[in-house]
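Okay, structure first, notes after.
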Amino acid sequence: MHRRQLFGVCLAALATAACDAATKESAQTPGLLPRGTTVTKVKATRQTLTNRVSLTGKVTLNPVFGLEAPADGQVRYVDVTPPTTTPTKPTRVAAVVAKGNKRHNIDVPAGAVFLNRLADDRSTVTAGTPIVSAKHVGYGIVADIDGAQAYKIAGSIGSVQAQIQGGPGPFACSVLGTINALPQQDQQQQQQNDQQAATGMKLVCIPPTGVKMINGAGATLEVVTETAANALVLPVEAVAGTQGKGQVDIVLPDGTRQTREVVLGLTDGRVIEIKSGLTGDEDVAVPGPNLNVPPQGPGGPIPADKFPVPVRSK
């Protein structure tokens with residue numbers, strides 16, 4: 001082969017290698033790109049957002065449940081006469097007297113009987129503290145609540161749908177209350193009814209009349225805790241943070257990115273509510289930004305109001 005031809009082949013080989021290297025460099029997997037690299041952009045949309053919690057339970061005969069204090073204040077108990085038949089009307093059992101002498105009455109619902117006091121008379125309690133226990137006469141559904149679910153459910157139960165495994169459902173299940181730290185006599189009462197002793201927090205609800213129930217049958221409860229109508233939402237991938245305050249990157253007309261603080265609300269795991277910080281007209285980068293680390297000064301982190309929000313290019 002002539003030297004000139006050999007030189008040409010070498011040049012072609014070098015060019016091909018350079019092109020292959022450039023192609024590989026530009027064809028990185030999007031999932032491996034560092035967070036903060038704009039892959040796409042979205043606009044916030046509006047939808048009704050609902051928080052749901054799923055619980056596992058079982059059909060239980062004569063379930064015991066607790067009633068909580070509806071407000072901070074002092075408990076004033078009522079002397080309750082044991083009924084001779086199942087009550088067909090609510091039974092007044094206590095009241096919590098709050099500031100300004102406002103009285104919040106506590107009634108055991110119809111179809112249930114009062115069992116025990118869970119606090120001393122005239123003791124000071126906070127809202128959400130179980131103060132009386134009662135027993136529903138008939139079938140109900142009892143579901144365990146673990147620690148991670150307790151804070152989502154406490155004080156914010158909107159509605160409950162139940163499904164009996166291999167049986168009827170879904171149907172609306174009316175919440176009676178929770179079981180939480182019941183005294184020993186109530187645990188004994190539960191054991192007499194072939195129930196599990198109350199060792200934690202449980203949700204108790206009853207089905208509509210006519211729904212066939214079998215003691216011990218498994219059940220699933222779907223609890224709606226909060227709903228936000230016409231909420232402004234973004235995909236969770238576009239937001240840094242999951243609760244309270246967060247950040248998003250706005251893509252400006254010139255292509256640069258500007259990190260903006262937002263206030264976050266509900267999330268269903270796919271989208272998250274933006275309660276304030278956006279109008280809905282902005283182009284928002286996906287994926288979202290990394291949470292900013294405050295600059296360090298001689299005495300530690302510099303407060304957020306003392307340094308500017310960064311503007312970053314693509």
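Is it the case, given these coordinates, that THR88 is surrounded by fewer than 16 Cβ atoms within 10 Å (Cβ to Cβ) and closer than 27 Å to ALA219 by Cβ? Here the answer is yes, as THR88 does meet what is asked. Take the conditions (1) of a type outside the set (Ser, Thr, Tyr); (2) surrounded by 10 or more Cβ atoms within 10 Å (Cβ to Cβ); (3) modelled with pLDDT under 90; PRO70 misses just one of them, which is (3).
Each row is one residue, and each column tells you yes or no for (1) touching a strand residue (DSSP E or B) at 6+ places or on another chain (Cβ under 7 Å); (2) assigned by TED's automatic domain parsing to the domain that holds THR91; (3) crowded, with 17+ Cβ neighbours inside 10 Å.
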| residue | (1), (2), (3) |
| --- | --- |
| THR129 | yes, yes, yes |
| VAL132 | yes, yes, yes |
| ILE141 | yes, no, yes |
| ASP144 | yes, no, no |
| ALA148 | no, no, no |
| ILE157 | yes, no, yes |
| VAL160 | yes, no, yes |
| ILE164 | yes, no, yes |
| PRO168 | no, no, no |
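Where strands (runs of 3 or more DSSP E) sit wholly within region 242-281, those with at least 2 residues that are touching an Asp or Glu at 6+ places or on another chain (Cβ under 6 Å) occupy 245-251, 257-267. Of all residues assigned to region 209-228, at least one qualifies as being within 20 Å of the chain's Cα centre (by Cα), surrounded by 20 or more Cβ atoms within 10 Å (Cβ to Cβ) and at pLDDT 90 or above.
Scan region 184-194 and tell me whether some residue there is at pLDDT 80 or above and of a type outside the set (Ser, Thr, Tyr). Looking through region 184-194, none of the residues is at pLDDT 80 or above and of a type outside the set (Ser, Thr, Tyr).
The values are calculated or read from the model by the stated rules, or taken from the named source; none is laboratory data. None of these values were measured; they are calculated from a predicted model. Positions of Cβ are backbone-derived with ideal geometry, glycine not excepted, and every protein chain shown enters the neighbour counts.
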